[in-house]
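A quick write-up on the structure given underneath.
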Amino acid sequence: MTLNILAASYVGCVRQKNEDMVLACHTCVRDGSFADTVDLSDTDRCLTALADGMGGHLGGEVASSDVLHNLDYFFGDIPKGLSVSDYNEAIFEWLNSINHMIDSKGHSEPCYHNMGTTLVALAYYNSRFYWMNCGDSRIYRLHDGRLRQLSTDHSLTNLVGGSNEHTNYITNCIGGGCKTSYIDMVDCTEQVLPGDVFLLCSDGLTCMLNDEEIEQLLNENADANDLCQKAIEAGGYDNVSVCIIKIV
């Protein structure tokens, strides 16, 4: 199987700095773009992830960077051949560790007070694909031309049973004062089919473009830069980051 990976992250029109970051093929992307092609064998591993940081004078950009760099190192160091349940347990242990690290950094340095970040990712490990989500960044799947959100926003709107539209009030993240962060983990191997496209994005995209607009753009072969530019043209009220994974 071959993956075509395209990533982009930009500050937008309103924010003074970019607190988003994308991880693709061991490369962290902020204020720019990246593209690569990855050929996968059964023993390979591959990680794409996106983080939307928040909090403090420098906190958001530090939190998103720390989490993605730490996750990249951790993922590469996971022992070979773990079962699905053991792999899930390893990720849960990592989440507890990184949440404690981000929280402690926020307590020790005032400029990082209450810093935190969302995390959404697609990982290939031991011949299986997994998506995971903590917060309100999103993962979508485009299959047969139809776009569907796979993740569920960890937001106040969803908690009280409202629509799945974005809200400024998230109920779960890494750091950010969340003492018991949690992460949604799904083995999605059976959903990864040739011709499918997976989309990771921050709310800077989905607050500017609705799902129908994103679906149309992906069906027109828009890349990560194209999606970011459309969000910026629509107002660019927040940082906007996108990672597209095309299954060949």
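The values are calculated or read from the model by the stated rules, or taken from the named source; none is laboratory data. All values reported here derive from a predicted model rather than from experimental measurement. Note that each Cβ is placed from the backbone with ideal geometry, even for glycine, and that neighbours are counted across all protein chains shown. Accessible surface areas use protein heavy atoms only, side chains included; no ligands, DNA or RNA. Shrake-Rupley method; radii C 1.70, N 1.55, O 1.52, S 1.80 Å.
Taking all protein chains together, Val242, Val38 sort by accessible area into Val38, Val242, largest first [probe 1.4 Å]. Could you tell me the center-to-center distance, by alpha carbons, between the stretch 194-244 and the stretch 19-40 in angstrom? Cα centroid to Cα centroid, the span is 16 Å.
With an a/c value of 1.5 or above and a/b not larger than b/c for the gyration tensor axes a ≥ b ≥ c computed over the alpha-carbon atoms, the stretch 136-248 is described as oblate.
For the stretch 47-166, the gyration tensor built on C-alpha atoms gives an oblate shape. Its axis ratio a/c (a ≥ b ≥ c) is at least 1.5, and a/b is not larger than b/c. Summed over qualifying helices (DSSP H, 4 residues or more, each -39500 (n - 2.57)) and divided by its residue number, the chain shows a 222 nm mean residue ellipticity of -9000 deg cm²/dmol.
For the stretch 1-81, what % of the accessible area comes from carbon and sulfur atoms, probe 1.4 Å?
The nonpolar share, carbon plus sulfur, comes to 49 percent.
Excluding ligands, DNA and RNA, the accessible surface per residue across the stretch 1-70 is 42 Å² with a 1.4 Å probe. Convex hull volume per residue, computed on the Cα atoms of the stretch 1-93, equals 104 Å³. Considering only protein heavy atoms and a 1.4 Å probe, what is the carbon-and-sulfur percentage of the accessible area of the stretch 127-216? Here carbon and sulfur together make up 47 percent of the probe-accessible area. For the stretch 104-186, the per residue solvent-accessible surface stands at 44 Å², with DNA, RNA and ligands left out and a 1.4 Å probe. Among rounded, prolate and oblate, which fits the stretch 167-214 when a ≥ b ≥ c are the square roots of the eigenvalues of its C-alpha gyration tensor, a/c under 1.5 means rounded, and a/b larger than b/c means prolate? Oblate shape, in that a/c is at least 1.5 and b/c is the bigger or equal ratio. With Cα atoms defining each centre, the stretch 104-149 and the stretch 56-95 are spaced 10 Å apart in the structure. Straight Cα distances below 30 angstrom link Lys17 to the lysines Lys105, Lys179, Lys230, Lys246, with same-chain residues fewer than 8 positions distant left out. Counting only Cβ charges, +1 for Lys and Arg and -1 for Asp and Glu, the dipole size of the stretch 26-71 around its Cα centre is about 140 debye. Short to long, the 5 Å bins of the Cα pair-distance histogram for the chain hold 1, 7, 15, 19, 21, 18, 12, 6, 2, 0 percent of all pairs.
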